[in-house]
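Notes follow the structure.
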Amino acid sequence: MRSVLRAVDHYLLRQLAGRVALALCALCGLYLAIDLADNGQRLAQLIGWRQVILSTLHRLPTIAVQVAPAATYCSIALYSLRLAAQGERAALDAIGYTPWRWAAVVFCIGGALTALAFLTGELIVPRLEQRADAIGAQTLPSLFGRELNRPSQVSWRRDNRWLVGRQGRRQVRILLDERGLPQKRLQTALADQPTAGRRPRNARTQRPEVMPLAELATAISERRRNGQPTAALATIYQLRRVYPLYCLAAALLAMLLSAGGSGQRQSLARAAIGLLGIFAVIAAGFMAGQAGWVSPALASWGPWVALCVIGAALALLNHRPTVAVLRRSAFD
């Protein structure tokens, strides 16, 4: 019997892993399609479709990390509903496959995605985001360099959300959007005019959402020493630390909300409401931390702890012994 149960474990792991990969691809594709439909034409007129596609592909790991909890939740919830609809859940119960064994399989998938999301966000995303920024930095000079006398002699650097080109005493500043691509018309000014908070020429800046955590912690410490507000950066830092763990919370809630004998439609409705609730709680905590209403650690870790507590309570409610079983055990 143990060999049979282990074979079922391996089968369920393969099925869930394939569905999680499919959900990741589907959600990333949907995100890219919406983004290109919204901004692709405007960006293509500025830098060309080839550069837009290259920049988008370099940002694909960033999108994958963002949608990882949703992909985990959707794949596990839909597969659990499929097992119940086709009677496979009852067949598993008949051979002695306990809910706790099924929970172990689900947590293996959630834990693997948690580790993968954290490593991707820390090791892969910052490098590819720098390359995506470099694509814009290499393309924009050829397009906007005509505003200067000799475009080939212009030195370009990234300054937060600006791409700054300098030639002698002339300076060109191009405002970039959140993806590092041009958003507004360039502004020309004298380069030797004093600028508040000007960074060194070789300074490397990135958005805090894609910076390595060590560099982000250093930036927060510097702002704190300078007496500048740090609530926004600290909230992003704490959220990036806890966000991969939402894959575990999503796996737990998906397994519990899609279970139960109340019917297929009711289970599907519960699962859909649960997905919306997870991201509503995350967004509420993030906005509270950004506004400074609560501490950044509480704003980021509090929703995750609350979801885990809700999941534990649902597990106890779903698997508590019924009244008939209690009466039978009392008379026995």
Any residue in segment 305-319 that is closer than 19 Å to Arg241 by Cβ sitting within a Cβ distance under 6 Å of a residue that is surrounded by 11 or more Cβ atoms within 10 Å (Cβ to Cβ)? List the pairs, counting only those 6 or more apart or interchain.
Leu307/Ala249; Cys308/Ala249
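For every residue, the table says whether it meets (1) at pLDDT 90 or above; (2) more than 25 Å from Leu116 (Cβ to Cβ); (3) assigned to a helix (DSSP H, G or I).
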{"position": "Arg241", "(1), (2), (3)": "yes, no, yes"}
{"position": "Pro244", "(1), (2), (3)": "yes, no, yes"}
{"position": "Ala249", "(1), (2), (3)": "yes, no, yes"}
{"position": "Leu256", "(1), (2), (3)": "no, no, yes"}
{"position": "Phe279", "(1), (2), (3)": "yes, no, yes"}
{"position": "Leu307", "(1), (2), (3)": "yes, no, yes"}
{"position": "Ala312", "(1), (2), (3)": "no, no, yes"}
{"position": "Leu316", "(1), (2), (3)": "no, yes, yes"}
{"position": "Val325", "(1), (2), (3)": "no, yes, yes"}
Within segment 245-262, how many residues are touching a residue at least 60 places away in the same chain (Cβ under 8 Å) and either within 14 Å of Gly289 (Cα to Cα) or surrounded by fewer than 22 Cβ atoms within 10 Å (Cβ to Cβ) (or both)?
1
When you scan segment 287-297, how many residues do you find that are farther than 13 Å from Arg241 by Cβ and assigned to a helix (DSSP H, G or I)?
4
Based on this model, can you work out whether Ala68 counts as surrounded by 21 or more Cβ atoms within 10 Å (Cβ to Cβ) and either under 29 Å from Met211 (Cα atoms) or modelled with pLDDT under 85 (or both)?
yes
Being surrounded by fewer than 18 Cβ atoms within 10 Å (Cβ to Cβ) and either at pLDDT 85 or above or among the aromatic types (Phe, Trp, Tyr) (or both) narrows it down to one of Leu92, Leu81, Leu57, so name that one.
Leu57
I want to confirm something. Restricting to segment 87-133 and keeping residues that are in a helix (DSSP H, G or I) and of a type in the set (Val, Ile, Thr), which single residue is farthest from the chain's Cα centre (by Cα)?
Val105
Can you work out which of the residues in segment 15-54 that are modelled with pLDDT of 90 or more and small (Gly, Ala, Ser) is surrounded by the most Cβ atoms within 10 Å (Cβ to Cβ)?
Ala23
The lone exception for Arg270 - which of (1) in a helix (DSSP H, G or I); (2) modelled with pLDDT of 90 or more; (3) not polar (S, T, N, Q) it fails:
(2)
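The values are calculated or read from the model by the stated rules, or taken from the named source; none is laboratory data. Keep in mind that this is a model prediction, so the values were computed, not measured. In this analysis, Cβ positions are derived from the backbone assuming ideal geometry, glycine residues included, and neighbour counts consider all displayed protein chains.
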